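Q: If you scroll down you'll find the structure; I have some questions about it.
The values are calculated or read from the model by the stated rules, or taken from the named source; none is laboratory data. For clarity, every value in this text was computed on a predicted model and none was experimentally measured. Cβ sites come from the backbone with ideal geometry, for glycine too, and all protein chains shown count toward neighbours.
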Amino acid sequence: MSTPQKKGQFVPPQTPAEYVAGQQEANVILTSLADLLTWAQNWARSRSIWPLGYGLACCAIEMMASAQSHYDLSRWGSEVFRSSPRQADLMIVAGTVSIKMGPRLKRLYEQMPDPKWVLSMGQCANSGGEFYDSYYTVQGVDTLVPVDVYVPGCPPRPEALIEGILKLREKIEKQGLKIKGE
């Protein structure tokens, strides 16, 4: 179901089913000094994402492995997992969130400085996972805090987490900019 397009013209996908990974995005128009400064600020933010490790279950092991030398998350500016929410701008929720842990997760999110982002890692954090019918499991971390990127898998590999962080970088770069043709 691709949309008709003229030769050489980029048409952005209208639904998630039409999106092709690696597809070129539309060009960005920089029309003023303010837009240029916004772009530069977003570019700098996207290159230095400081994650807050919020590991709750087996996904946390894969999150820690992504920071080790074999995968080397520091290549993308996320080298040290911060232990304080006041020093972090990305919360990676890795694992099953219980009802008891929900208010603590919200408090840590509220303590993070703006701008802040959330990456939900693993099926348990995304939708409750294999514990979806449990009385004590939150049915997705997005019921507590707004989620920017979902990383599927049980548990997701470190490569999947790195791909999620790269997708978040793309999202951060485009915040507040005008897309050509819109």
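Q: For residue 66, only one of the following conditions fails: (1) in contact with a Phe, Trp or Tyr (Cβ under 9 Å, 6 or more places away or on another chain); (2) crowded, with 22+ Cβ neighbours inside 10 Å; (3) closer than 24 Å to residue 45 by Cβ; (4) not charged (D, E, K, R). What is its number?
A: For residue 66, the exception is condition (1).
Q: Tell me whether the range 70-87 contains one or more residues that are of a type in the set (A, V, I, L, M) and in contact with a Gly (Cβ under 9 Å, 6 or more places away or on another chain).
A: No, that holds for no residue.
Conditions (1) modelled with pLDDT of 75 or more; (2) within 20 Å of residue 150 (Cα to Cα), marked per residue:
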site	(1), (2)
19	no, yes
39	yes, no
47	yes, yes
53	yes, yes
58	yes, yes
71	yes, yes
80	yes, no
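Yes/no matrix, rows are residues, columns are (1) more than 17 Å from residue 47 (Cβ to Cβ); (2) of a type in the set (Val, Ile, Thr):
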position	(1), (2)
76	no, no
85	yes, no
89	no, no
104	yes, no
122	yes, no
138	yes, yes
146	yes, no
161	yes, no
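Q: Just the residues that are of a type in the set (D, E, K, R) and over 17 Å from residue 168 (Cα atoms), please, taken from the range 82-121. Spell out the reasoning first.
A: Taking the range 82-121 first, the residues of a type in the set (D, E, K, R) are 82, 86, 89, 100, 104, 106-107, 110, 114, 116.
Selection gives 82, 86, 100, 104, 106, 107, 110.
Q: Out of (1) in contact (Cβ under 8 Å) with a residue 40 or more places away in the chain; (2) closer than 15 Å to residue 53 by Cα; (3) not hydrophobic (A, V, I, L, M, F, W, C), the odd one out for residue 104 is which?
A: The single condition residue 104 does not satisfy is (1).
Q: I've got another one for you. Taking residue 175 as meeting all but one of (1) modelled with pLDDT under 85; (2) more than 19 Å from residue 88 (Cβ to Cβ); (3) assigned to a loop (DSSP other than H, G, I, E, B), write down the number of the exception.
A: It fails just one condition, (2).
Q: Could you grab me the full set of residues in the range 66-82 that are in contact with a strand residue (DSSP E or B) (Cβ under 8 Å, 6 or more places away or on another chain) and among the small types (Gly, Ala, Ser)?
A: 78
Q: Same structure again: Select from the range 103-139 the residues that are at pLDDT below 90, among the small types (Gly, Ala, Ser) and under 16 Å from residue 56 (Cα atoms) and list them in ascending order.
A: Across the range 103-139, the qualifying residues are 122, 125, 127, 128, 129.
Q: Let me ask something additional. Pairs under 6 Å by beta carbon, first residue under 15 Å from residue 104 (Cα atoms) in the range 134-158, partner charged (D, E, K, R), six or more apart or different chains?
A: Hits for this filter: 144/106.
Q: Continuing with the same structure: Strands (runs of 3 or more DSSP E) wholly in the range 55-164 with at least 1 residues that are aromatic (Phe, Trp, Tyr) and under 15 Å from the mean Cα position of the chain (by Cα) - which ones?
A: Filter on the range 55-164 gives 117-121, 149-151.
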